[in-house]
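Presented below is the structure to which this report refers.
Derivation of every value follows stated rules applied to the coordinates shown; laboratory data play no part. Values in this document were obtained by computation on a predicted structure and should not be read as measured data. So basically every Cβ, Gly included, is an ideal-geometry build from the backbone, and we count neighbours across all protein chains shown.
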Amino acid sequence: MTHVITRLCIRGGECVDVCPEGSIVPGPPGSPEWPYLYIDPVRCIDCGACITECQIGAIFPELDVPAIYQEDIEQNRQFFSRGPGYWKFMREDLK
Ligand code: SF4
């Protein structure tokens, strides 16, 4: 399994700071294709720390993602397969 960031994301970035695996990466600022933060499904260890930290409830365990956000599961995967993946971002890139 993995955890998934849905389109509710407002790029707060608190989840990035608490992830013990460094598996949460923002889309490049201003990118229309990658506007949110994304979780690497390979590196995520399902600790749940990001869920607690997200103030707006944008993150779910994969099996609990609401039906209306189901396509965000694949979008998180694709960010790391065909998208920017682990590009070198700075703290200010989170907004
Ligand atoms: S569940 Fe844990 S390992 Fe997975 S993205 Fe969230 S904080 Fe990182």
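Each peptide among 58-66, 87-95 gets the average number of other Cβ atoms lying within 10 Å of its residues, and from highest to lowest they stand as 58-66, 87-95. Convex hull volume of the Cα atoms of segment 3-94, normalised per residue: 88 Å³. Packing order of peptides 41-49, 1-9, highest average first: 1-9, 41-49 (average count of other Cβ atoms within 10 Å over each peptide's residues). Entry note, the chain: relative contact order of 40 percent, from Cα contacts under 8 Å with a spacing of 6+ residues. At a Cβ-Cβ separation cutoff of 4.7 angstrom, cysteine residues of the chain with no neighbouring cysteine are C9, C19, C44, C47, C54.
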